[in-house]
Amino acid sequence: MRLRNLMVTAAVTLLGGVAAVVVASPALAAGPTATFVKTSDWGTGWEGKYTITNGGTTTVNGWAVAFDLPSGSSVGSFWDADMTRSGQRFTFTNKSWNGTLAPGGTASFGLIGAGAGSPANCTLNGASCGGTTDPGTQVPGTPGAPSVTGVTQTSISLAWGASSGTVTGYRVYEGSTLRATVTGTSATISGLVANTTHTYTVAAYNSAGESARSAAVTGTTSGGTGPQVPGSPGNFRVTGTTGSAIALAWNASTGTVTGYRVYEGSTVRATVTGTTATISGLPACASRTYTVAAYNTVGESARSAAVSGTTTGCSTGPLPAHFLTGYWHNFVNPAVELRLRDTPAAYDLIAVAFAEATTTPGAVTFAVDSGLSAALGGYSDADFRADIATMHSRGKKVILSVGGEAGRVAVNDATSATNFSNSMFNLIQSYGFDGVDIDLENGLNPTFMGQALRNLRNRVGANLIITMAPQTIDMQNPTVSYFKLALDIRDILTVVHTQFYNSGSMLGCDQSFAYGQGTVNFMTALACIQLEAGLRPDQVALGLPAGPGAAGGGVVSPSLVNQALDCLAKGTNCGSFRPPRTYPGIRGAMTWSINWDVSNGNQFANTVDPHLATLP
């Protein structure tokens, strides 16, 4: 949370201590090469670096490095290159300033991956990343011209001549989009619409890279004069919720329609003849995800895009429906020092930064920092306890944050989970804290941290506030430990205020474009990941720096935070990215930090706090 730079070196600091793993180039490599180095690996993700070296005798004018990642793996953030994605094929191209490489010259780019997979089938400008190698590892020859061998109303079957050389498999493309990967010389592209025309090319690949594309072939799905499979329903949406039901609506499908089936996963939840349905009998505060398909005597359409809804009845706990959180420094840095009682009135929730680790695994402790006390001319633990009581009298809540950038609290087994719960409970009792914030930026174990938090809540009660402040890379995929913890404890979780800064560019919920930090698109597209992957809107808030000095990147005008909140809550003031639906219950905003905000004239609080009152 404290000032840091996450472009290249800080990601190593964040996840350091892991030996670099180098994927070496072939021994006979010559000409341009691209070498991959995995500098950090923490099981559920990794940081890597590609170095492009011009080992040839002529200048390289522009480069493109492409590779595959296995299913379930993806690229989160990256730097010093631009990225495009087609299925599990990722292509990185040079920036304007690093594309020209004289003989002997090098360029590099970095990336952070989610999932356990590593890059494979790497190509540099269409050739093997290892450069010129012995004939046994050459890129395969171009496949023979494909032909259409059959069509149905929903599919086109293709076949082609085998490529020369060593072949691992074949990729079928429609334009730049990968439609199929097979090991033989035929493929069937399914899920198509009747009477539609498609054009395909085929490429062979092996460990050395991908061949040139084949000649193109065009096919048209069949369609007679009788009924066809209906088109997929459009604009599927939640139109209302109660404490026990979610109401849905969609646009009518094209073609002849007998009715519609609403699915939750693979289970049919409703069958109707119109374009609305209400799923009843649900518990309060329950999140559900649905799709809808049209059907007739011929068959069923492709499913619609998924939509999620949450029944009413969610407790907002002891905090407002929309609120502002700020971190208070229990240390000295260039920001102004403050007594807790001097926190501006705009802040509803104050997170005290930070609890510290002890020599007992999992246990934490807290005391007023001696440097802060000296800077304030004397500020004791007794003064701090009195200030918490003062904040309570003003209707404010105060929680203790665990971790921070330099935090080393580790809860990795049942014993340390018990130690964490016991020590935090004692601090709550001693100081009057209202809850705990998890800001462990050096990794966590979701199983045992979840166990510790549940134990703490059982002892404190239902009004215990539990918040989390993950970095953006921690919330890219529900399988990542931080995201998994949030989902595992969502029944007792108050809010996640992700740090939407110090991140570089990252993918949003559309998984089609890397959005740059410091923009409305970045905030909304990344918040959408959490909102669409299982967290309720009232459990999601936007975390941003309070102004200059507070972060190394991603500092935004507070007015942009308001625009992002409007986009998510009301569908207005969006950038080019528009979320698939609105989230009126979006909880609010967080800033690092109160001290930096005061140093910058309270611009963040004075701009964002009044705006929260305008949200639905």
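The values are calculated or read from the model by the stated rules, or taken from the named source; none is laboratory data. These figures come from a predicted structure and were not determined experimentally. Positions of Cβ are generated from backbone atoms using ideal geometry, with glycine treated the same way; all protein chains shown enter the neighbour counts. Accessible surface areas use protein heavy atoms only, side chains included; no ligands, DNA or RNA. Shrake-Rupley method; radii C 1.70, N 1.55, O 1.52, S 1.80 Å.
Numerical summary
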read-out: Theoretical gain in end-to-end length, THR312 to THR152 [0.36 nm per residue, Cα-Cα removed]; value: 53.1 nm
read-out: Carbon plus sulfur fraction of accessible area for the chain, probe 1.4 Å, in percent; value: 52 percent
read-out: Anisotropy class of the chain from Cα gyration tensor, a/c 1.5 cut; value: oblate
read-out: Rg/Rh for the stretch 145-221, where both radii come from Cα atoms and Rh is the Kirkwood radius; value: 0.97
read-out: Peptides 590-600, 570-580 ordered by average Cβ neighbours within 10 Å, highest first; value: 590-600, 570-580
read-out: Per residue value of the accessible surface for the chain (all protein chains in place, 1.4 Å probe), Å²; value: 38 Å²
read-out: Net charge dipole size for the stretch 320-429 [Lys, Arg +1 and Asp, Glu -1 on Cβ; Debye, nearest 20]; value: 280 debye
read-out: Summed residue charge, Cβ within 12 Å of ASP510's Cβ, Lys/Arg positive, Asp/Glu negative; value: +1
read-out: Whichever lysines have a C-alpha closer than 20 Å to that of LYS38, once near sequence neighbours (fewer than 8 apart) are set aside; value: LYS49
